[in-house]
Amino acid sequence: MQKRLVLDQQQIGIILRRFCHQLIENHDNFENTVLLGLQPRGSILMDHLAPILEEISGVKVPFGYLDATFHRDDFRRRDFPLKANETKINFLVESKKVILVDDVLYKGRSVRAAMDAMIAFGRPQKVELMVLVDRKLTRDYPIMPDYYGIRVNTLDSQYVVVEWANQGQAENAVWITEKVKS
Amino acid sequence: MSQLSTRHLLGIKNLTPEDIHLILETAANFKEVINRPIKKVPSLRDITIANVFFENSTRTRLSFELAEKRLSADVINFSSSNSSVKKGESLVDTVNNILSMKVDMVVMRHSSPGAPHFLSRNVKANIVNAGDGTHEHPTQALLDSFSIQEKLGDLAGKKVAIIGDILHSRVALSNIFCLKKLGAEVMVCGPITLLPKHIESLGVKVELDVKKALQWCDVANVLRIQLERQQIKYFPSLREYSLYYGINKKLLEQLDKEIVIMHPGPINRGVELASDVADSEHSIILEQVQNGVAVRMAVLYLLAGSRN
């Protein structure tokens, strides 16, 4: 199977620190800001980002995990339902600036579902989207990231795979692979 | 896997342990949903569900209806007392007439054991058994297991005593199947006349002395005396039943450990359960009711989501 490395461990580290500086630029002292990692994989990125953000900014920004399974638009259009993940949000997003964090932005449907799910926790003042990888020209919905690590050209026949060392992989990396034809 | 092995929920007997675990895990997700400021998700918004109740119900019908509404399904309710069933319409005809109005799922309670099984062979919709006579009440067993798991952790190795009218109880049978499949030890306890013959063939212990049963168990699931299903007298009087099998605070204080008290409702206060136990910190009866909505949401979601 063809496999192309897009980001290696060092590059991902640089991007995470860049994200933090961009957030500090836009959110100052994070007085009214919260972060939401989109389950399941955005939460892993969130877990990597949160300690670096605290280290650089000196602020413990509240964060949570948001699962949008019950808000997806492909329920009953798949052969079987997707398994839900835990939603863990210990605050309301009412009048807050919310930064949604996900690993890969592809069709935009997950982010749409996530925004739908998020509204159950209040009406945010502003919502921003942060993704590690932005797949160009593949969007089904008019959704664009406010912060992205890298923007890549991909085909529908390809996957973007994000690997994390703490999830059993050799090291942090982003790959583009071909889907196996059945 | 995130798919059930069946397209109907007819009883716990037909489910695999994996099915039960999947339902309980999904129910935990829905429990979080129903504690949000906005408790509704759009998953079932293109689904219509008929609640068909040929037998009285308060808790189960309300719980199903709330679960359906929290999932954004369209809901129609039917009860036999004010319907054409009184005019002699058959079960299949009644349900097929409802289904011709483009209904996708049927939640049914019926006084005849096996009625939902019969229906599942004769109509196209997904069928959920909300209690069939003295046979099964699967969602009650699932919510009971969910509640125990929430309170005590994994069910494997836990000791659960089911106390009371085992003979007429669909809750007892479904609970036995469910608890055994999850690895718990089960004991049934009650007057000998209210214990079915050969019940031990289901792999449960049998005990006639309620004190010994309480001393043995981690959880006591206390059942109601189902007078409406008893055509003959199984014990001399309710007062005598209460004296021998009623659970009160004094009895619990004699134990050398704390146990969890459950009841599927409705409680006959002062008969099987004294008020000082039903309202005590040992009791998780109201948690059971809340968990019922989450578990039923999980069942409906998983059944509606699979296309097999």
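The values are calculated or read from the model by the stated rules, or taken from the named source; none is laboratory data. Computed from a predicted structure; not experimentally measured. In this analysis, Cβ positions are derived from the backbone assuming ideal geometry, glycine residues included, and neighbour counts consider all displayed protein chains.
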Given the conditions (1) touching a helix residue (DSSP H, G or I) at 6+ places or on another chain (Cβ under 8 Å); (2) outside any loop (DSSP other than H, G, I, E, B); (3) away from chain B (no Cβ under 14 Å); (4) surrounded by fewer than 19 Cβ atoms within 10 Å (Cβ to Cβ), every one holds for A:Y141 apart from (2)
Residue that is nearest to the chain's Cα centre (by Cα) [pool: residues in the stretch B:132-174 that are over 20 Å from B:E18 (Cα atoms) and among the basic types (K, R)]
B:R170
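Which residues, counting only those in the stretch A:167-182, are outside any loop (DSSP other than H, G, I, E, B) and in contact with a helix residue (DSSP H, G or I) (Cβ under 8 Å, 6 or more places away or on another chain)?
As a first pass, look at the stretch A:167-182 and keep what is outside any loop (DSSP other than H, G, I, E, B): A:167, A:173-178.
Of everything in the stretch A:167-182, those that are outside any loop (DSSP other than H, G, I, E, B) and in contact with a helix residue (DSSP H, G or I) (Cβ under 8 Å, 6 or more places away or on another chain) turn out to be A:Q167, A:A173, A:V174.
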Picking from A:N90, A:N29, A:N85, which residue would you name as being at negative phi, out of contact with any strand residue (DSSP E or B) (no Cβ under 9 Å at 6 or more places or on another chain) and in a loop (DSSP other than H, G, I, E, B)?
A:N29
Taking the options B:V85, B:V106, name whichever one is modelled with pLDDT of 90 or more and within 12 Å of B:F53 (Cα to Cα).
B:V106
Can you work out which of the residues in the stretch B:156-170 that are modelled with pLDDT of 95 or more and surrounded by 23 or more Cβ atoms within 10 Å (Cβ to Cβ) is farthest from B:F235 (Cα to Cα)?
B:V160
Exactly one of A:V111, A:V101, A:V127 is in contact (Cβ under 8 Å) with a residue 60 or more places away in the chain, part of a strand (DSSP E or B), buried (at least 18 other Cβ atoms within 10 Å of the Cβ) and of a type in the set (A, V, I, L, M), and that one is A:V101
Going by what's in this entry, would A:A117 be described as surrounded by 19 or more Cβ atoms within 10 Å (Cβ to Cβ), without any contact (Cβ under 8 Å) to a residue 40 or more places away in the chain and within 30 Å of B:T6 (Cβ to Cβ)?
no
Would you be able to tell me the number of residues in the stretch B:248-266 that are surrounded by 19 or more Cβ atoms within 10 Å (Cβ to Cβ) and more than 17 Å from B:I148 (Cβ to Cβ)?
1
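Picking from A:Y148, A:Y159, which residue would you name as being at pLDDT below 95, closer than 17 Å to A:D102 by Cα and in a strand (DSSP E or B)? Give the derivation first.
Details: A:Y148 fails: at pLDDT below 95.
The match here is A:Y159.
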Out of the stretch B:17-58, which residues are farther than 16 Å from B:V106 by Cα, buried (at least 20 other Cβ atoms within 10 Å of the Cβ) and at the interface with chain A (Cβ under 9 Å from one of its Cβ atoms)?
B:L22, B:T26, B:N29, B:F30, B:V33, B:V41, B:S43
In the stretch B:183-203, which residue that is of a type in the set (A, V, I, L, M) and more than 21 Å from B:G131 (Cβ to Cβ) is surrounded by the fewest Cβ atoms within 10 Å (Cβ to Cβ)?
B:I192
Taking the condition of being surrounded by fewer than 22 Cβ atoms within 10 Å (Cβ to Cβ) and among the β-branched types (V, I, T), how many residues in the stretch B:211-227 meet it?
0
For the stretch A:41-74, give me each residue that is in a loop (DSSP other than H, G, I, E, B), touching a Lys or Arg at 6+ places or on another chain (Cβ under 9 Å) and over 20 Å from A:L92 (Cα atoms).
A:R72, A:D73, A:D74
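Residue-by-condition table, conditions (1) surrounded by fewer than 19 Cβ atoms within 10 Å (Cβ to Cβ); (2) more than 19 Å from A:Q9 (Cβ to Cβ); (3) more than 16 Å from the chain's Cα centre (by Cα); (4) more than 14 Å from every other protein chain (Cβ to nearest Cβ):
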{"site": "A:F19", "(1), (2), (3), (4)": "no, no, no, yes"}
{"site": "A:D28", "(1), (2), (3), (4)": "yes, yes, yes, yes"}
{"site": "A:P40", "(1), (2), (3), (4)": "yes, yes, no, no"}
{"site": "A:L49", "(1), (2), (3), (4)": "no, no, no, yes"}
{"site": "A:K60", "(1), (2), (3), (4)": "yes, yes, yes, yes"}
{"site": "A:A68", "(1), (2), (3), (4)": "no, yes, no, no"}
With within 25 Å of B:L179 (Cβ to Cβ), in contact (Cβ under 8 Å) with a residue 12 or more places away in the chain, out of contact with any Cys (no Cβ under 6 Å at 6 or more places or on another chain) and polar (S, T, N, Q) as the only criterion, which of B:N14, B:N29 stands out?
B:N29
